[in-house]
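Chemist: One structure follows; several queries about it will come next.
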Amino acid sequence: MNSSIAHRMEPEPVPLRLDGGLSAEDFKGAFRNHPAGVAVVTADAGDGPVGLTATSVFSVSAEPPLLVFSVSAMSSSTPTVLASDTVVVHLIGEEQLHIARLCATSGIDRFADTSLWDRLPTGEPHFPSASTWIRGRVVEQLDAGTSTVIVVHALQAKAPEPGSEDAVAEASRPLVYHNRAWHVLGDHSLVG
């Protein structure tokens, strides 16, 4: 055995192949009636900022603080997100609908209007109008069909302090996506 080899050779990943199952249209139709929170993910791997709107964001663990989201291979932002060490995940409310729409629109420069975004002191692009955002380090990527699941270790967050006057002033009714349309949650949607 050659002792000069400092690392173990990892096998090449084998693409997941699953036969049968639902058609893509039937699968999308099943999820169409499942509402999801709206988030905007921003990143910059060194070639300029990118942003995308995601409904796949969820928390996984509080200790350590981990969140997950997925990106589609069809998104123009995906290569930059996959090459980035860090990302910013903005949890979008009603007041930031314009940002969700902006980052969901294909074929445009989402960062052309410099009045909408800035950079954090650590360099990541972000939208300051979002009342809640989480900056994190990408710790894992998992290929899943035509998407990649990304696991992020949360390093920093901006969120209104619960119960404070700032929380009331900054609070924006949560934005959700349901049946191909934007909706907001509020007291009117409380059922229990």
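Each value in this text was obtained by applying a stated rule to the coordinates, not by laboratory testing. As the structure is a computational prediction, the values presented were derived from the model and not from experiment. As a convention, Cβ positions derive from the backbone with ideal geometry for all residues, glycine included, and neighbour counts pool all protein chains shown.
Chemist: So for the chain, considering every pair of alpha-carbon atoms, how many percent are separated by more than 26 Å?
Modeler: 39
Chemist: Taking springs between alpha-carbon atoms closer than 10 angstrom, which of Ala62, Ala83, Ala144 fluctuates most in the Gaussian network model of the chain?
Modeler: Ala62
Chemist: Also, quick follow-up: So between Thr146 and Asp19, what do we pick up on full extension, going 0.36 nm a residue minus the alpha carbon distance?
Modeler: Separation in residues times 0.36 nm, less the Cα-Cα distance, equals 44.2 nm.
Chemist: Roughly how many Å is it from the Cα centre of the range 142-160 to that of the range 23-79, as a whole number?
Modeler: 8
Chemist: In addition: Work out the length of the dipole vector of the chain about its Cα centre, built from +1 on the beta-carbon of each Lys and Arg and -1 on the beta-carbon of each Asp and Glu, and round it to the nearest 20 debye.
Modeler: The dipole of the chain has a size of about 320 debye.
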